[in-house]
Structure formats: structure tokens, C-alpha cells
Amino acid sequence: MTDKKLIGVDLGGTTCKFAILTADGEIQQRWSIDTNILDEGSHIIPDIIASIQDHLKLYNMVASDFQGIGMGTPGTVDLEKGTVIGAYNLNWKTLQHPKRDIEKATGIPFYVDNDVNVAAMGEQWKGAGDKSQNVTLVALGTGIGGGIIADGHLLHGIAGSAGEVGHVTVDPDGYECTCGKRGCLETVASATGVVRVARDMAEEFAGDSKLKQILDDGDDISSKIVFECAEEGDKLALMIVDKVAYYLGLGLGNIGNMLNPEYILIGGGVSAAGDFLLSRVDKYFAQFVFPNVRNTTHLRLATLGNTAGVIGAASLAR
Ligand SMILES: [Zn+2]
């Protein structure tokens, strides 16, 4: 094993996080910058280059101290060419060349992959995935993303869409999704999905409920408020959480039946609901998987939080 260091870059729509790690994945330095998406995102790559160069100078480090730079990004990634397209939250509508530009400017080998894939690698390497060769990460955020490591390989599919767990159909007659089809898991189990389910169930609910009161008053709610009310025993909120857990159990059950991973990890903002959510999802998961999967595939909460991205990105450069 080399003692050269790794750089991990986690590029997101509002911030870009960086870390310098040892070859075995210990974070030594961390910092972040705002992502400037103006002018079709044309400042993003130059800003990343400048930030890396500034920090290497600050820490008295040079290119030869590093094995490589890895980056996780939204959008569709061409792994070999190191290009990205269609990252709309970065304003990247046209083909971007992070590999070409960053290697040229820094002299350090550069690797890029999709952000959720990279987070899955991070959790597998240093988080709840426990270095297992079979790990699926499902990230419950504003939308739902997924990353699949099967028999030790990160899956990409023919066009980079392997692991799009958010668009697994759980209700053929369900809500319309941003992707254009109906009943995708993310329409009911993402942060925005939970709120949508809550609003609809509140309309039909007649009993006593603090959550219903909040909605009837015209106040905004979040998935966090729904889970908080449920933990306090609010009847409506408990019904909503049960419905969300049902859909997650169904969606994740199908992943279990198809891939039989050792761990399906639940991450992202909604997973802050913790064991309260996990135990309910687990109940339905057990219902929707067949015995061998029930006995060998385990649901777990992701543990790295927002460092999964930089750690997983750095692992691309190993
Ligand atoms: Zn969809």
C-alpha cells in the first residue's frame, strides 16, 4: 500500500466539500466552498481547481504527495472520459470536462462518478457497509437516489442509471413523478413525498391531530415535523409514517429480492428519523422479501452523514 494521500470532492448544488485523506480513508483536512452556479455553472470547475491549489499551498503539499483526486457530482457521468452532462442543479446543461481540466491544472490523476454512487462507496468503505462486497445505499433526500455495490463492483448500467431506486414503481396509479411516470418511490418517500402524502391524508382525516391543526392553519410542514408528531403519538402522523414505511418496505423489498445485498443502507435527510422509521420499514420489508433474503439482507441506517460523499469520492482514486 502506498502512503500517498487522497483528495475527495463532493460537489453539490449549494456547497462543494473537500477532504484530504490518508490511503486508508482517515480524514486529515476538510473544507468547503459555496457552489457558484451562475453563468451556466462555468465557474464551478475553476473554483474547485483554485480551492485545491490554495489548500495544497496552505498545507505545504505538492501533486506528488497524492495518489489521486476523486469527485462525486450530480448529473450523468461518463467514467472513462471523465465528463458530466445534465446536472441541472449545477446549471450544467452542456458537456463538462472536469477530468481534463482538473488533471491539467493540478497534475494529479482525477476520477469522477455520480454523487449517490460515491456516497455508497463511502458507506461501504468506512461506514455502515462494513466493507461488505454487497451494499445498496438508498438516500432519502429531496428526491431519492441509490448506489449499488454488487459482488464488489459499483453498478452503472448501460447509460449510468443503475441504482435509480427513486423511480422504482410502488403504486402504478400513484402521484406523477418529475421523471414523467407515476407512482415512483420518491413521490411518496422522499422529503417532498412525505409532505405530499401528509397533505392528502390530512384532508381525509377527521380525528384529533396536532399535525392536522398545523396544516389546517395553512402553515408549511416538513417531513421532519411529520416524524416529530408521530414520535409524540399523533394519530394522523403515525398513519402517514406507516404509509411511507409501507412504500419503502415494498421498494426496498424488491431491491432485496433482486440483489440480495448484505446491507441496504438508508441515508439522506429523511433518515434522521432514525430507528423510529427503520423499525417500521423493516416490518414491511420482511413482508415483501422471500425467506432467504429475509434471513440474509439487513436494513441499516447509514452512519457517515455528509462525510460519505468526500470519503467515497476519495475511494475512487485508490
Ligand atoms: Zn420517477
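Run down 166, 152 and say which single residue is open to solvent by less than 30 Å² (accessible area, probe 1.4 Å) and among the small types (Gly, Ala, Ser).
Step by step, each of 166, 152 is checked, and only 166 is open to solvent by less than 30 Å² (accessible area, probe 1.4 Å) and among the small types (Gly, Ala, Ser).
Restricting to the stretch 33-58, give me the number of residues that are surrounded by 12 or more Cβ atoms within 10 Å (Cβ to Cβ), touching a helix residue (DSSP H, G or I) at 6+ places or on another chain (Cβ under 9 Å) and either polar (S, T, N, Q) or not in a helix (DSSP H, G or I) (or both).
Total satisfying the criteria: 5.
Restricting attention to the stretch 125-142, does a residue exist that is assigned to a loop (DSSP other than H, G, I, E, B), open to solvent by 10 Å² or more (accessible area, probe 1.4 Å) and within 12 Å of the ligand (Cβ to nearest atom)?
no
Going by the conditions given, is residue 198 under 15 Å from residue 255 (Cα atoms) and away from the ligand (no atom under 16 Å from the Cβ)?
It is false that residue 198 is under 15 Å from residue 255 (Cα atoms) and away from the ligand (no atom under 16 Å from the Cβ).
Restricting to the stretch 169-224, what's the tally of residues that are over 24 Å from the mean Cα position of the chain (by Cα), of a type in the set (Val, Ile, Thr) and not in a helix (DSSP H, G or I)?
Matching residues across the stretch 169-224 total 0.
Go through the stretch 10-25 and give me each residue that's surrounded by 13 or more Cβ atoms within 10 Å (Cβ to Cβ) and either at positive phi or assigned to a loop (DSSP other than H, G, I, E, B) (or both).
12, 13, 22, 23, 25
Only one of these is free of Cβ contacts under 8 Å to residues at least 12 places away in the same chain and at positive phi: 183, 233. Name it.
Criteria check complete, one pass: 233.
Please verify whether the stretch 309-317 includes one or more residues that are free of Cβ contacts under 8 Å to residues at least 40 places away in the same chain and open to solvent by 20 Å² or more (accessible area, probe 1.4 Å).
No: zero hits.
Which members of the stretch 178-199 meet the condition of being surrounded by 13 or more Cβ atoms within 10 Å (Cβ to Cβ), out of contact with any strand residue (DSSP E or B) (no Cβ under 8 Å at 6 or more places or on another chain) and of a type in the set (D, E, K, R)?
Answer for the stretch 178-199, where residues must be surrounded by 13 or more Cβ atoms within 10 Å (Cβ to Cβ), out of contact with any strand residue (DSSP E or B) (no Cβ under 8 Å at 6 or more places or on another chain) and of a type in the set (D, E, K, R): just 196.
So, residue 168, is that one within 14 Å of the ligand (Cβ to nearest atom), β-branched (Val, Ile, Thr) and touching a residue at least 40 places away in the same chain (Cβ under 8 Å) or not?
Answer is yes for this residue.
Quick one: which residue in 186, 204, 176 is in the same structural domain as residue 253 (by TED's automatic domain parsing), away from the ligand (no atom under 16 Å from the Cβ) and either of a type outside the set (Gly, Ala, Ser) or in contact with an Asp or Glu (Cβ under 7 Å, 6 or more places away or on another chain) (or both)? First the steps, then the outcome.
Numbers: 186 fails: away from the ligand (no atom under 16 Å from the Cβ); 176 fails: away from the ligand (no atom under 16 Å from the Cβ).
Unique residue meeting the criteria: 204.
Restricting to the stretch 231-249, name every residue that is closer than 15 Å to residue 286 by Cβ and either in contact with a strand residue (DSSP E or B) (Cβ under 6 Å, 6 or more places away or on another chain) or open to solvent by less than 10 Å² (accessible area, probe 1.4 Å) (or both).
Within the stretch 231-249, 245, 248, 249 meet the criteria.
The values are calculated or read from the model by the stated rules, or taken from the named source; none is laboratory data. Bear in mind that the values here come from a model prediction, so they are computed numbers and not experimental data. When we count neighbours, we look across all protein chains shown, and the Cβ atoms used for this are built from the backbone with ideal geometry, even at glycine. The area values use the complete protein model at the heavy-atom level, side chains included, leaving out ligands, DNA and RNA. Shrake-Rupley method; radii C 1.70, N 1.55, O 1.52, S 1.80 Å.
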